[in-house]
Amino acid sequence: PGLEAISLSNPRFWLPPISSTFHGRDIFAPVAAHLSLGVPIQEFGEVIGSLITFPIPRPQRERDGLLGHVIHIDCFGNLITDVKREDISSDNISIEIAGRKIEGLSKSYAEGSKLLAMIGSSGRLEVSLRNGSAASFLEARIGNRIRVKWK
């Protein structure tokens, strides 16, 4: 029981020629197609002996909200957190991060003139800076805490 990982080393399932930069098309997509047709996973290659997993932290419930964490910083400097949409019971909230306070949720990156918070395409709470990098502005790092408070 548990996780099993396979090295996709069987070229029989690849789409030749293999590009050095586009494995999504040349290896992953053909393997996924064969997998969807019922090809047993073991036919794609050897079992990987040791698998390292990195658990994503979960926000902690507090009396008046949540304590979450920055889990990713994208190439635009947006801070993606472990707080999911379903963790937030109302749009009437405030967000505190790095000594700054953000009132409410925005619907898009274009709203607001400074820092804003919104639910991004990943379904997670994000903090961004209009026309800038929230990560740089806040000197934020992965693992930083973010507090969501109910009003």
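The values are calculated or read from the model by the stated rules, or taken from the named source; none is laboratory data. Everything quoted here is computed from the prediction, not taken from an experiment. Backbone-built Cβ (ideal geometry, glycine too); neighbour counts: all protein chains shown. All accessible areas refer to the heavy atoms of the entire protein, side chains included, with ligands and DNA or RNA removed. Shrake-Rupley method; radii C 1.70, N 1.55, O 1.52, S 1.80 Å.
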Picked from region 72-91 (must be open to solvent by less than 90 Å² (accessible area, probe 1.4 Å) and polar (S, T, N, Q)), the residue farthest from G120 (Cα to Cα) is S90
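Per-residue answers, yes or no, for (1) outside any strand (DSSP E or B); (2) exposed (fewer than 12 other Cβ atoms within 10 Å of the Cβ); (3) out of contact with any strand residue (DSSP E or B) (no Cβ under 8 Å at 6 or more places or on another chain); (4) among the aliphatic types (A, V, I, L, M):
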position: I56; (1), (2), (3), (4): yes, yes, no, yes
position: V70; (1), (2), (3), (4): no, no, no, yes
position: K107; (1), (2), (3), (4): yes, yes, no, no
position: R147; (1), (2), (3), (4): no, no, no, no
Please work out which one of (1) surrounded by 12 or more Cβ atoms within 10 Å (Cβ to Cβ); (2) under 27 Å from A5 (Cβ atoms) is the condition L37 fails and give its number. (1)
Over 21 Å from the mean Cα position of the chain (by Cα), without any contact (Cβ under 8 Å) to a residue 24 or more places away in the chain and part of a loop (DSSP other than H, G, I, E, B), is that true of S9? no
